[in-house]
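Student: A single structure is presented below for examination.
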Amino acid sequence: GDKTGGEELNIDEARQVVDKLKKIGVTQILFTGGEAVLLEYFFDLINYALVQGFWTSLSTRGYFNEETVRRLAELDLKNINIGIDSLDSAKHNFFRRVPDALEKALFTAMYLRDCGRSVTINITLSRLNVNELDQMLKFCLVNNFKVNISRPLPIGNAVASGKYYLLDKEGEEKAAAVLEQYKETIKISGVRLPGVHFLPKCRAGQQIVGISPNGKMSPCVFLKNIDKRLEKDWSEQIPDWSAELNSAPWTMLKNGEKTCGQCGVRGECQRGCLAAAISFNEGYDLLCGVEPVEKRKLEFVTSGFVFNSTGDKL
């Protein structure tokens, strides 16, 4: 789910969506957001999906009261993915924009684990926390958590900040070395680090699809937010997005009108994240290991902090 400007299905309509998914052969549902648990009928809907036999999982920030966590523990979910970006509360809370975000996320993770649920800690790896990666992986190992490594996606409103938080070459190498140490002891997924210079082919609309709270389907919510034509009604089958994806703005990448199409290794590239390449106004996926030819130059960045006259506020 994602923000839809207030348009939202009621519980009966949402159950009909689950029925349609089963009819067309979908087997797995991931509830995500935003924050899916805040949906008024979340527990009714997720129980309905479980009864229908779907492999059901949840991705969440874990910011709940005790009663909500207890109810989550009663669900037979295959996996619960909880985002924790730092064990330093100041950093994690800054990232999440909530004062006690780390405290509540840790409580949720520990409680669900103690109830026998499969818990994965999602670490959004960035310049903010790369030096803490070893500490965080030790924490996950000791506490019997699986790990998923994700990266800041420079999409939409996060284009500028996404670029800032991305690791530089030294940070990438440091992270890769730490992950190598733990690969035999912790189940780690989602890694996109050096050594794989060409990103996996985008699976949007093929192996994955997104469904908004309004019940419409899109190849993925990131693509839909860029091109509203990609959000479609559906009934008996998954929509065909080939016509839309073979028109602007997507052909700008394919035809080299954006810098992603001018990297010099286009024949081998699998395009990475289409949404990131389109959102970033210079036209390439910043997580790609190969920069376009004209971008291969030094880039100087300066930053500073502005405080008030007493020095106690940023």
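Student: Using the alpha carbon gyration tensor of segment 5-78, what are the three equivalent-ellipsoid semi-axes (square root of 5 times each eigenvalue), largest first, in whole Å?
Tutor: Values for segment 5-78, descending: 20, 15, 11 Å.
Student: Which pairs, out of 78/163; 187/224; 104/183; 91/138; 23/232; 163/232, put more than 23 Å between their alpha-carbon atoms?
Tutor: 78/163; 187/224; 104/183; 163/232
Student: How do the peptides 144-155, 22-33 rank, highest first, by the average count of neighbouring beta carbon atoms within 10 Å per residue?
Tutor: In decreasing order of mean packing, 144-155, 22-33 become 144-155, 22-33.
Student: For a quick protection proxy, order the peptides 73-80, 231-238 by their average other-Cβ count within 10 Å, most packed first.
Tutor: Descending mean neighbour count gives 73-80, 231-238.
All of the numbers you see were taken from the coordinates with simple rules; none came from a lab. Source: prediction; values computed, not measured. Counting neighbours? That spans all protein chains shown, and the Cβs are built from the backbone with ideal geometry, glycine included.
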